[in-house]
Amino acid sequence: MKTLLYPLVFLMAFAISSCQPDEEKPEPIIGTLKVNFVNHSSGEPISLDEMKYTNQAGNDYSISKLLYYISNIKLLGCECGEFTEEESYHLVKLLDDPNQGGLVDENSFSFNAQVGNYKKIDFAVGVDETRNHSGDKVDALDPINGMFWGWNTGYIFFKVEGDFTNNESEKKKFTFHIGGDGAYREISLAFDENLEIKENQTTELTIYTDINEVFSSPNLYDFNSFKGTTSPGENANKVADNYSDIFSLTKP
Amino acid sequence: MRSRIFIYFCAIVLMQATSCCRPDDTCDDCVEPDGDYDFNLRPGFKQLVGRSSDNTPTDNPTTKMGVQLGRHLFYDKRLSKNNTIACASCHLQEYAFTDTARFSLGFEGGRTSRNSMPIFNLRWTPSFFWDTRAATVEEQTLMPIQDHLEMGMTLEELVEKLKGLNEYDIRFEKAYGTPEITSDKISKGLAQFLRSIVSQNSRYDDAEEQGDNAVFTDQEKRGKKLFSIHVDPDPENVPGSDGRGANCNDCHVLSTPNLSDYRVTNNGLDMEYNDPGYGKHNSADKWQGTFKTPPLRNIELTAPYMHDGRFKTLREVVDHYDLHIEEHRNLGNDLAISGNYRYMKLDLTDDEKDDLIAFLKTLTDKELTTNPAYSNPFDE
């Protein structure tokens, strides 16, 4: 009888102990950061399909579709340390899509961040080289968003399409599909006043994106001679160089 | 005796202790007798379960008995006015659930106005029909039944008719727990069967898992490369492209379930369209002559091609995109872009076209066309 008792007592101890919750680790205190992107063209809000914008080369143009990846967000300059968002891939979308019943304007996202006072936000336009070629292709990174090239090139990082009036006064299309590992660009924006993430509260941060700047500097594009690119490579990398001054924390 | 009581005590404590560790869903009492349908998905599809592109609604999970009900409805000609046409009449399993006609035959011999679309991987499809007029699988199911050309029924007639067929009350009860027949339950059952139809066993799928080199021939690899690349005659701009590309992936996006991002666009078939496509439902000029990008998976089996079935062969389709795109005012940006190069002509060689078509044939899933789970249950 006793021989049966020992294993039973042992099993019992095991069963009970395995039911206990894992030892509690100190959880970081968190709040929520909601990031809003406001797309504009030299201060004019973007409304789709209206021929009312003019780029620096003097082309009148409209925008029919605008999508870009914002990724790998970091908050810096806090005594509490640096905060890095996990699985940080977001797709900003502005397009008219019958599959989704019309206008799709997805320009904000939220995530939990460590409480503290931050001086600066870093993020990237595009998808980092590792994730561009491996990992789950879901949600923002689902190729069904139409932002994926396949073969060995990965994602389209930035897409803007529209019409422009050419030198012969005809309506023509421009198409900028920018991607490829060489077109991944990191952006860093410093806050005038510290960004404070408060416990159990939502802090909002607005970033203004000037689409006109994508066509302006340092590389100036006249749609008459360059209607865009739909491939990774040198042309795409040059357009990506223009991202350096498209983002701003102050209202235009 | 005392030790025996102690053993009983231990056993009870042990049962209690272990049961508290069990996740709820393994408890025998709380699982419904028939349970969820087993999709048996490969990794590329499994990662999409419950994610943003999965359209399974919370009020219509896919269950074994729901799928069985839907399968019977799908194959039952009595769902049409004169018992001549079932859903399966225009969506034949051997042709990846499409038919071979340019325009499909309706219950009184009339013809539909567009080519029958294939059915598979609808679980990850954002809208239905060539013009996206149905937003959900559930909504889609009842539309051909009520179409005056296709099956010619009203929902009232449909419900009354099914009530008179004695086997259906049992199937509805098994699927939903109550024998009552309603159009909502008919639509849900059909939707469950349609979601259960998954195509994931082509050689292309093998290559997605094992790599192209392990699966594809040299010709198929050349075809895939052409498929992916948007042509740019300056090879410097697209390293490795040699200045060659066929632009297919712009809309037929690789690594999507059906090689389509389902965008609604004009693909330059004509300068004038008799059929406005999505433009029928949205009067804005930019939508006139636009249609949803169809699935490319199983394309070898789904001829004829385009919304009006105008092309009989894949070669004709490739020739269209190579040489014959019309500059319609709503032509998709991807097709219209010229960059610094020749306008809208790919100038593919015969060999390149053969390579492309060889790649397209790797999208054929023979398992889909022979899987008994999707076959006619009335033949069993």
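The values are calculated or read from the model by the stated rules, or taken from the named source; none is laboratory data. Model, not experiment: these values are computed from the prediction. Because the Cβ atoms are built from the backbone with ideal geometry, glycine has one as well, and the counts that use them run over all protein chains shown.
Quick notes on this structure:
- Qualifying residue in segment B:125-141 (condition: surrounded by fewer than 21 Cβ atoms within 10 Å (Cβ to Cβ) and farther than 28 Å from residue B:262 by Cβ): no
- Within segment A:143-155, the only residue that satisfies the criterion of being in contact (Cβ under 8 Å) with a residue 12 or more places away in the chain, in contact with a Phe, Trp or Tyr (Cβ under 6 Å, 6 or more places away or on another chain) and facing another protein chain (nearest Cβ under 10 Å) is A:147.
- Just one residue in the set A:229, A:165 is closer than 25 Å to residue A:40 by Cβ, crowded, with 21+ Cβ neighbours inside 10 Å and over 18 Å from the mean Cα position of the chain (by Cα); that residue is A:229.
- Residue under evaluation residue A:140, criteria (1) within 27 Å of residue B:264 (Cβ to Cβ); (2) in contact with a Lys or Arg (Cβ under 8 Å, 6 or more places away or on another chain); (3) touching a residue at least 12 places away in the same chain (Cβ under 8 Å), criterion not met: (2)
- Looking across A:65, A:119, A:93, one residue alone is out of contact with any Ser or Thr (no Cβ under 8 Å at 6 or more places or on another chain), under 17 Å from residue A:188 (Cβ atoms) and among the basic types (Lys, Arg). It is A:119.
- Scanning segment A:227-245 for residues that are modelled with pLDDT of 95 or more, acidic (Asp, Glu) and closer than 21 Å to residue A:132 by Cβ turns up at least one hit.
- Residues that are without any contact (Cβ under 8 Å) to a residue 60 or more places away in the chain and not in a helix (DSSP H, G or I), drawn from segment A:214-226: A:218, A:219, A:225, A:226
- Segment B:246-279, subset in a loop (DSSP other than H, G, I, E, B) and at positive phi, residue modelled with the lowest pLDDT: B:247
- Strands (runs of 3 or more DSSP E) within segment A:59-128 that include 1 or more residues of a type in the set (Val, Ile, Thr): A:65-76, A:89-97, A:102-106, A:116-125
- Residue under evaluation residue A:190, criteria (1) surrounded by fewer than 18 Cβ atoms within 10 Å (Cβ to Cβ); (2) assigned to a loop (DSSP other than H, G, I, E, B); (3) more than 9 Å from chain B (Cβ to nearest Cβ), criterion not met: (2)
- Residues in segment A:113-137 that are touching a residue at least 12 places away in the same chain (Cβ under 8 Å) and within 14 Å of chain B (Cβ to nearest Cβ) were compared, and the one that is nearest to residue A:211 (Cα to Cα) is A:127.
- Residue satisfying condition, being surrounded by fewer than 20 Cβ atoms within 10 Å (Cβ to Cβ), among the hydrophobic types (A, V, I, L, M, F, W, C) and in contact with a Leu (Cβ under 9 Å, 6 or more places away or on another chain), within set B:284, B:303: B:303
- Residues being part of a helix (DSSP H, G or I), of a type in the set (D, E, K, R) and either more than 14 Å from chain B (Cβ to nearest Cβ) or under 25 Å from residue B:248 (Cα atoms) (or both) are represented in segment A:202-213 by at least one member.
- In the set A:237, A:167, only one residue is within 14 Å of chain B (Cβ to nearest Cβ) and either acidic (Asp, Glu) or farther than 27 Å from residue B:262 by Cβ (or both); that residue is A:237.
- Selection within segment A:216-234 - touching a strand residue (DSSP E or B) at 6+ places or on another chain (Cβ under 9 Å) and more than 13 Å from residue A:158 (Cα to Cα): A:216, A:221, A:223, A:224, A:226, A:227
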